[in-house]
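The values are calculated or read from the model by the stated rules, or taken from the named source; none is laboratory data. Predicted model only: the values in this text are computed from it and were never measured. A quick note on method: Cβ atoms are made from the backbone with ideal geometry, for glycine too, and the neighbour counts reach across all protein chains shown. Only protein heavy atoms, including side chains, enter the accessible area calculation; ligands, DNA and RNA are left aside. Shrake-Rupley method; radii C 1.70, N 1.55, O 1.52, S 1.80 Å.
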Amino acid sequence: APCAAAAAMSGSLWRTAVAGYEGDPAGAGLGVGGGGALRPALQAVAVVASSEPSELVAFVSPRAWLSASRITSDMLRAHCQANLTPSYVPKFFVVLEEMLTLPNGKPNLGALKELANQHASEEGEMVMDSLGQMKKLSKWAIFENAVIHRCYAFWMLGVLTDHYMRCAIDSLGSNYAPFCTVLSKETMKPWSELMVRTTFGNDQDMFGFIMLGAYQDARPDRPGGPPKVKLGLKDAFIFFVYMLMAMPMPQVMHFVFRGWAWPVYWGDDGSGSLVEPPKNEWSWEYMQYNSVTSDHRWYLLMVLEARIFMQVCEIIKVPGWLQVVIYALSCCIPPSLLEEEEYAFDTCEYTGAPDYVLYAFSWVFRNFGDGCAIYWRWVQIYGAFYVFCFHFLRRIVAWITVKIPTHMRTPTWGAVSFSCAMVIGLLMGLFHYPNNV
């Protein structure tokens, strides 16, 4: 169908260009002249279909006496819409100074096909992004977004499943229980936990989210271009949402849904006694345990810190590989220099500090009731992975895309790749969270 439409379109435009436009109001935009007579404006016309998903792209070149700037896409589109059925009207119009031709003078359809693919992929459309903003995105960016959002949906399902099963979340003595509490029942099959861990394990979900986020954030202005951080209002909005997740979002949810949207467990005081729910949901009594309602917001702060770091490095011209090395070094602080070998810079340990200081630091840096540390080694590790993916994941994907044979670019091999991702959860379930499965 695209080929038939392209042939019909080429023939129609060519006949129109050669025949002239006297008495043809719809074609007035394609004719130039004075005294009531219009002179044909186009020297050559060719229409080709881009690669799948196919779009018709019309290429035209003006006659020698006419500048290409005098012919616009709107003029060409208006004429075609007036003279052709909608299915034959090209999606894109490209005005060339000279038509690409073969030695025999005919249009070089092979070269025009490559130009059509490039133009169709780069030409933008107005779409709504994930933040509700209208943006003009290229065709390749729109397709990329569709794939990324589907991956996000799958991994979000994974996070919800993993946490609903309470895998390695509940305490067992001084450590987390190395199993999924909800699945630890005699009525459950012994392989149930393994299936949850391999399909929706929290670790591959987290690395998947970071890879997708970095891949999307590193999208260049054009295919093959360098990544740019572009720190701006979007990042300020994300930080604003980050703060709202601790307060007042939980309070609003509690007001609307009552006990259905409020924790039943607020931790313990270190001596084995359970912490009572806060009587004042807006005071320090709540804020010192805000992570009970919103601890997963750490991810947003981790990404924001990494982006601020990369923006500074971009301004002072630090190469990407060096940025990865510098950020990775922050993960290598000797355990002896960290409190409990994990964290540092905990303002909330200074109980003599004013309540408003403790309140502010707990709001910004989270608090489970035992501190509001600014630095956590495990968060830095995730941040270093984000920085690495931002600078190198697209290069790796491009290199792999070139190296993979055509016969392996099939749904079957896609399923094999997906299965390999599940192996991460299997290994983590067997070794990182030892259990008896």
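Cα gyration tensor of segment 289-328, axes a ≥ b ≥ c as square roots of the eigenvalues: rounded (a/c below 1.5), prolate (a/b > b/c) or oblate? Can you show the working numbers first?
On the way: a/c = 5.13, a/b = 2.97, b/c = 1.72.
In terms of gyration-tensor shape, prolate.
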Sorted on mean Cβ neighbours within 10 Å (highest first), peptides 381-393, 272-284, 358-370, 399-411 come out as 381-393, 358-370, 272-284, 399-411
Counting every Cα pair in segment 245-293, what percent are over 13 Å apart?
57
What whole-number volume per residue, in cubic angstrom, does the convex hull of the C-alpha atoms of segment 323-373 give?
96
Mean projection area, nm², convex hull over Cα of segment 285-428:
12.5
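Order these peptides, 184-191, 77-84, 64-71, 248-255, by their mean beta-carbon neighbour count within 10 angstrom, highest first. Don't skip to the answer; put the middle values down first.
Working: 184-191: 9.2, 77-84: 17.2, 64-71: 11.9, 248-255: 15.1.
Ranking the peptides 184-191, 77-84, 64-71, 248-255 by packing returns 77-84, 248-255, 64-71, 184-191.
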Per the rule of 0.36 nm per residue minus the C-alpha distance, extending Lys230 to Ser67 adds in nm 54.9 nm
Those residues of segment 366-409 whose amide nitrogen sits under 17 Å from the label point placed on Ser271, 7 Å along Cα→Cβ:
370
Reachable lysines, given that their alpha-carbon falls under 28 Å from the alpha-carbon of Lys106 and they are not under 8 places away in the same chain
Lys91
To the nearest 20 debye, what charge dipole does segment 221-284 have about its Cα centre, counting +1 at the Cβ of each Lys and Arg and -1 at the Cβ of each Asp and Glu?
480
Counting only heavy atoms of the protein chains, get the accessible area per residue of segment 225-279 (1.4 Å probe) and round it to a whole Å² value.
68
Separation of the Leu322 and His149 label points, Cα + 7 Å toward Cβ, nm:
3.9
Eligible lysines near Lys228 by straight Cα distance, threshold 25 Å, same-chain separation 8 or greater
Lys135, Lys136, Lys139, Lys317
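By how many nm would the segment from Val364 to Glu305 lengthen if fully extended, with 0.36 nm per residue of separation less the alpha-carbon distance? Each step should come with its number before you reach the end.
Working: separation 59, 0.36 × 59 = 21.24 nm, distance 1.24 nm.
Taking Val364 through Glu305 to full extension adds about 20.0 nm, to one decimal.
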